[in-house]
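Participant: Here it is, the structure, as structure tokens.
The values are calculated or read from the model by the stated rules, or taken from the named source; none is laboratory data. The model shown is predicted, which means the values in this text are computed figures rather than measured ones. Backbone-built Cβ (ideal geometry, glycine too); neighbour counts: all protein chains shown. Each accessible area value is taken on the protein alone, full model and side chains, heavy atoms only, with ligands, DNA and RNA left out. Shrake-Rupley method; radii C 1.70, N 1.55, O 1.52, S 1.80 Å.
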Amino acid sequence: MQPQDLIRKKRDGQALDGAEIAAFVHGIVEGSVSQGQIGAFTMAVYLNGMSAAERIALSLAMRDSGRVLDWSSIPIEPGRIIDKHSSGGVGDEKITLLVVPLAAACGVYVPNLSGWGLDYCGGEIDMLDSVPGYNGAPPPDKFMQAVAETGGAIIGPTPDLAPADAKIFKVRDVTATVESVALITGSIMSKKLASAPRGLVITVGSGSGAYMATVDDARELAESMSEVAAGAGVASVMLLTDLDAVLGTAVGAAVEMIETVDFLTGRYRDARVTDLVLSVTAEMVVLAGLADDVTAARHIADARLADGSAADRFARMVSALGGPADFVDRPAHYLEPAAIVRPVFADEAGYVARMNAKEIGLTLVALGGGRKRPEDPIDHAVGLTDFCQIGDALNDDKPICVIHARNEAEWERAAARVRASVEIAAAPPAPLPPIVIDRIERRP
Ligand code: URA
């Protein structure tokens with residue numbers, strides 16, 4: 001069957017069988033399927049969806065487009081290999097940079113294969129790429145060695161692990177085909193299964209900053225991924241999260257690295273970020289068999305955060321993959337600053353009632369911090385910091401955020417967009433719901 005026949009079938013709402021999906025994915029990796037055909041296929045899937053059987057076949061074909069790690073020769077307890085992922089949200093990807101070292105400090109081994117930024121959400125590997133010398137695409141043996149030595153490693157797409165995802169990802173990023181349960185399931189689960197963990201914790205966000213607009217959509221995605229995990233023999237916990245606002249205070253590659261270091265070293269910890277980091281880590285600690293329940297696990301994680309072990313792990317993780325050994329001591333020394341760094345104030349004083357986090361993510365893309373075409377490099381220096389939170393009182397002294405831009409014109413455009421994305425009210429709004437809304441656990 002030619003790629004166009006398969007695209008036509010999906011376009012017309014028919015189901016594809018496992019062999020057809022495997023052949024298409026194989027064609028993507030060997031280069032016989034063009035970028036245009038990938039775009040048409042992803043749009044057909046976006047519009048018509050996929051059955052559970054198709055989603056499983058897609059995830060496994062994408063996993064098998066590269067190597068699946070074999071940990072048997074590495075002297076670590078296999079039951080302690082647990083990974084995490086986020087389904088995407090504005091400000092949400094830095095949670096991986098916080099959880100991986102913290103879980104490692106608790107005794108978990110975390111082989112984390114993450115991604116680039118996707119549409120209006122950032123990417124862990126774009127953040128780490130802002131650190132000079134960091135190699136986010138090492139060969140699999142080096143990745144495994146880094147995990148064994150430091151307890152965790154975060155890498156991005158490589159030609160060895162789930163290479164089909166990298167190719168599809170780049171096209172989805174710029175073709176408005178990101179927000180699809182089937183495509184997110186395939187993308188996330190192919191990467192997660194390629195590093196062969198025994199357990200998985202995935203946060204699935206909903207709200208204006210996430211790919212899933214509603215909690216029901218997030219639940220559908222969570223069920224879809226947990227079904228694929230169980231089918232592959234992997235225990236999973238899906239945490240449904242509220243991402244209706246920017247998570248944390250920074251959005252952008254280098255500025256989120258600074259927020260990461262500030263958090264790990266205790267210089268500044270946003271309350272919702274702290275809650276999410278401890279919740280995810282606690283689930284990983286339980287899945288690794290290092291605590292009986294999440295309450296006990298949360299105490300362990302809290303202690304490892306407070307005593308500096310997580311910051312120490314992060315420093316070792318960065319240097320194990322080529323970054324500077326003293327990055328955690330002086331991150332600003334290593335990260336490129338933007339030329340213009342200036343606060344933007346609201347037109348009127350009042351309380352932050354709501355924000356359109358997707359628009360805020362798109363503002364970062366427009367500043368150059370995201371991609372407009374698959375081959376685009378991103379600007380690591382631009383971003384938004386000191387972002388207000390829902391309920392904050394804004395006035396002449398308290399800005400909406402600080403914009404880091406390349407030039408004045410881009411600062412002005414970003415300022416107009418940020419002002420339009422934040423709704424100000426005369427009275428304080430109702431408090432946000434807790435960051436973790438619900439939990440779905442499935443054992444194989
Ligand atoms: N994260 C991924 O790795 N892939 C997606 O499609 C969305 C979030």
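Participant: If you go through region 254-269 one residue at a time, how many are touching a residue at least 12 places away in the same chain (Cβ under 8 Å) and open to solvent by 10 Å² or more (accessible area, probe 1.4 Å)? If you could, list the steps in order and put the result at the bottom.
Facilitator: Here is the first cut: in region 254-269, the residues touching a residue at least 12 places away in the same chain (Cβ under 8 Å) are 254-261, 263-266, 268.
Narrowing the set further to residues that are open to solvent by 10 Å² or more (accessible area, probe 1.4 Å) leaves 255, 258-259, 265-266, 268.
Matching residues across region 254-269 total 6.
Participant: Which ones in region 407-444 are among the charged types (D, E, K, R) and open to solvent by 60 Å² or more (accessible area, probe 1.4 Å)?
Facilitator: E408, E412, R413, R417, R419, E423, R439, E441, R442, R443
Participant: Could you tell me which numbered condition A182 fails, if it satisfies all but one of (1) away from the ligand (no atom under 14 Å from the Cβ); (2) among the small types (G, A, S); (3) over 15 Å from the mean Cα position of the chain (by Cα)?
Facilitator: Condition (1) is where A182 drops out.
Participant: Within region 97-111, count every residue that is under 18 Å from S309 (Cβ atoms) and open to solvent by less than 10 Å² (accessible area, probe 1.4 Å). Give the derivation first.
Facilitator: Here is the first cut: in region 97-111, the residues under 18 Å from S309 (Cβ atoms) are 97-110.
From what is left, the residues that are open to solvent by less than 10 Å² (accessible area, probe 1.4 Å) are 97-104, 108, 110.
Number of matching residues: 10.
Participant: Give the residue that is farthest from T203 (Cα to Cα), with candidates limited to residues of region 70-96 that are within 15 Å of the ligand (Cβ to nearest atom) and assigned to a helix (DSSP H, G or I). Steps first, please.
Facilitator: Start the filter on region 70-96 by keeping residues that are within 15 Å of the ligand (Cβ to nearest atom), which leaves 83-96.
Adding the requirement that they be assigned to a helix (DSSP H, G or I) leaves 94-96.
On the way: K94: 12, I95: 10, T96: 10 Å.
By that ranking, first place goes to K94.
Participant: Would you confirm, using the coordinates I've provided, whether A164 is hydrophobic (A, V, I, L, M, F, W, C) and over 24 Å from G368 (Cα atoms)? Walk me through it before giving the result.
Facilitator: Details: hydrophobic (A, V, I, L, M, F, W, C): yes; over 24 Å from G368 (Cα atoms): yes.
Yes: the conditions hold for A164.
Participant: Given the conditions (1) surrounded by fewer than 22 Cβ atoms within 10 Å (Cβ to Cβ); (2) under 25 Å from D64 (Cβ atoms); (3) more than 12 Å from the ligand (Cβ to nearest atom), and given that E149 satisfies all but one, which numbered condition is not satisfied?
Facilitator: Only one criterion is unmet by E149, namely (2).
Participant: Any residue at all in region 43-52 that is open to solvent by 40 Å² or more (accessible area, probe 1.4 Å), out of contact with any strand residue (DSSP E or B) (no Cβ under 8 Å at 6 or more places or on another chain), part of a loop (DSSP other than H, G, I, E, B) and away from the ligand (no atom under 16 Å from the Cβ)?
Facilitator: If we filter region 43-52 for residues that are open to solvent by 40 Å² or more (accessible area, probe 1.4 Å), which is where we start, we get 43, 46-48, 51.
Pick out the ones that are also out of contact with any strand residue (DSSP E or B) (no Cβ under 8 Å at 6 or more places or on another chain) and you get 43, 46-48, 51.
Now drop any that are not part of a loop (DSSP other than H, G, I, E, B), which leaves 51.
Filter once more, so that each one left must be away from the ligand (no atom under 16 Å from the Cβ): 51.
Yes; the residues of region 43-52 include at least one that is open to solvent by 40 Å² or more (accessible area, probe 1.4 Å), out of contact with any strand residue (DSSP E or B) (no Cβ under 8 Å at 6 or more places or on another chain), part of a loop (DSSP other than H, G, I, E, B) and away from the ligand (no atom under 16 Å from the Cβ).
Participant: Something else now. Return the only residue of K142, K191 being within 14 Å of the ligand (Cβ to nearest atom) and of a type in the set (D, E, K, R). So that I can check it myself, show each step before the final result.
Facilitator: Numbers: K142 fails: within 14 Å of the ligand (Cβ to nearest atom).
Selected residue: K191, the only one of K142, K191 that is within 14 Å of the ligand (Cβ to nearest atom) and of a type in the set (D, E, K, R).
Participant: From the list V110, V99, pick out the single residue that is closer than 25 Å to V280 by Cα, more than 12 Å from the ligand (Cβ to nearest atom) and part of a strand (DSSP E or B). Outline the logic, then answer.
Facilitator: Working: V99 fails: part of a strand (DSSP E or B).
Selected residue: V110, the only one of V110, V99 that is closer than 25 Å to V280 by Cα, more than 12 Å from the ligand (Cβ to nearest atom) and part of a strand (DSSP E or B).
Participant: Give region 194-230 a look and list any residue that's free of Cβ contacts under 8 Å to residues at least 40 places away in the same chain and away from the ligand (no atom under 14 Å from the Cβ), or say none.
Facilitator: A213, T214, D216, E220
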